[in-house]
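Everything below concerns the one structure shown next.
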Amino acid sequence: GAGVSQTPSNKVTEKGKYVELRCDPISGHTALYWYRQSLGQGPEFLIYFQGTGAADDSGLPNDRFFAVRPEGSVSTLKIQRTERGDSAVYLCASSPQGAQTDTQYFGPGTRLTVL
Amino acid sequence: LAKTTQPISMDSYEGQEVNITCSHNNIATNDYITWYQQFPSQGPRFIIQGYKTKVTNEVASLFIPADRKSSTLSLPRVSLSDTAVYYCLVGNTGTASKLTFGTGTRLQVTL
């Protein structure tokens, strides 16, 4: 079956611009996660959705970052007024129910470069 | 969240068994231990998860001593394609299922 997909695979933008990153989770998975990975580091948690609602957004670095999942499937991570420090790979993952013992399935990521 | 400590890097020859040990001294009673593998330009991939003693699947084994303050991922007969970064994570449903990655162990397999 299809895995988690993310679009675009690469995004180059200029400082101050707005960007949207899309995640298509595995069909039927109720839990969806966003992570950010900087070069040489492990992924860093950003936000967790259970269905349509954000169950935990404690990892969002500031109010320039926002994510939605309006129908409980596709999610969009939105970054306003991008800064050079936002450059990273943004990873999306989904799991069947969000339980600790559930396997999280990751997408290939979107590489964001802010010039 | 329990902090984990792993070696930064390891080298191995193809065909050898590789053991990567992770320390998690502050692991909580309801924490599970999970290992992920990540190749360049890909998202992490689940390898194995356990709570105590030993767990084995088709790709790896996970050894957890009785005090659970450490765990060892064992990869039998590694191949070049096992060259990747391996992450040890601990967590439970109380952490909202979010995964906390460290810097991982970079395994390099050569001929």
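So here's what we get for this one:
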read-out: Members of segment A:11-40 that are in contact with a strand residue (DSSP E or B) (Cβ under 9 Å, 6 or more places away or on another chain) and either within 28 Å of residue B:8 (Cα to Cα) or within 9 Å of chain B (Cβ to nearest Cβ) (or both); value: A:31, A:33, A:34, A:35, A:36, A:37, A:38, A:39
read-out: Complete set of residues in segment B:53-67 that are assigned to a loop (DSSP other than H, G, I, E, B) and within 14 Å of the chain's Cα centre (by Cα); value: B:57, B:59, B:60
read-out: Residue that is nearest to residue B:106 (Cα to Cα), among those in segment B:21-31 that are surrounded by fewer than 17 Cβ atoms within 10 Å (Cβ to Cβ) and under 14 Å from the mean Cα position of the chain (by Cα); value: B:21
read-out: One residue from A:95, A:73, A:87 being surrounded by 14 or more Cβ atoms within 10 Å (Cβ to Cβ), out of contact with any helix residue (DSSP H, G or I) (no Cβ under 9 Å at 6 or more places or on another chain) and over 26 Å from residue B:103 (Cα atoms); value: A:73
read-out: Some residue of segment A:107-115 being in a strand (DSSP E or B) and hydroxyl-bearing (Ser, Thr, Tyr); value: yes
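We did not get these values from a lab; they are worked out from the coordinates using the rules stated. Since the model is a prediction, treat every value here as computed from it, not as a measurement. Cβ: placed from backbone, ideal geometry, glycine included. Neighbour counts: every protein chain shown.
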